[in-house]
Amino acid sequence: KKTVENENGNTTNAEPPAKPPVTELTFEPKSGLKLGTFKFGETKDFTITFTNTGKHDFEFLHIQGACTCTKVTDYTKRVKPGQKGTIKFTFDSGVAEIQKGYNSGIEIYGNIKDDLIIYELEADITE
């Protein structure tokens, strides 16, 4: 138990909020997504599909692109065991570097092992 102060300034012993049970996710493709070739400044939309292969509901605590070139636009908020979910994102090569094998990712925080998965993305960006 932890002593906490409420809005009236009184202290009380309170249990910390329970952390949801850990589950597992499997992505398609499993090891990351190759986005293909982009001309610098080109923008494309993508969808990643994943399955909750664990025994408990999966719930996102937070999700974001690993750099400014990757913007998450929508995602399935809660996924039951055995069900599929999606993450939709936009990749903007205009805020990335011109190079072959440019790396980005999607950072997924939730009730999963180590609390975080970084789903890797790779693109070839030309002039």
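The values are calculated or read from the model by the stated rules, or taken from the named source; none is laboratory data. Computed from a prediction, not measured in an experiment: that's the story for all the values here. Cβ coordinates were reconstructed from backbone atoms using ideal geometry, including for glycine residues, and neighbour counts include every protein chain displayed. Just so you know, the surface numbers come from the protein's heavy atoms only, side chains and all, with ligands and any DNA or RNA stripped out. Shrake-Rupley method; radii C 1.70, N 1.55, O 1.52, S 1.80 Å.
Surface exposure of the chain, expressed per residue as accessible area with a 1.4 Å probe, stands at 64 Å². The aspartates and glutamates within cross-link reach of Lys30, meaning a Cα-to-Cα straight distance under 13 Å and a gap of 8 or more places when in the same chain, are Glu120.
Longest segment of the chain with no trypsin sites (Lys or Arg not before Pro) in a DSSP loop having at most 10 other Cβ atoms within 10 Å? Of all site-free stretches, the longest is 31-76.
For region 31-127, the share of accessible area belonging to carbon and sulfur comes to 48 percent (1.4 Å probe, ligands and nucleic acids excluded). In plain terms, the chain from Ile118 to Phe46 could stretch by 24.3 nm, reckoned as 0.36 nm per residue minus the Cα-Cα distance.
May I ask you to derive the FRET efficiency for Asn103 and Lys55 from their Cβ-Cβ distance with R0 = 35 Å, giving the value to the nearest 0.05?
With R0 = 35 Å, the Cβ-Cβ based efficiency is 0.60.
In this structure, the residue pairs whose Cα-Cα separation is over 31 Å, taken from Lys19/Lys100; Lys44/Lys84; Lys34/Lys80; Lys44/Lys80; Lys44/Lys77, are Lys19/Lys100. Karplus-based coupling profile of region 86-101, in residue order and whole Hz: 9, 10, 9, 8, 10, 10, 10, 5, x, 10, 9, 9, 6, 5, 7, x, with θ = phi - 60° in 6.51 cos²θ - 1.76 cosθ + 1.60 and x standing for Gly or Pro. With the whole protein complex present, Thr73 retains an accessible surface near 80 Å², based on a 1.4 Å probe.
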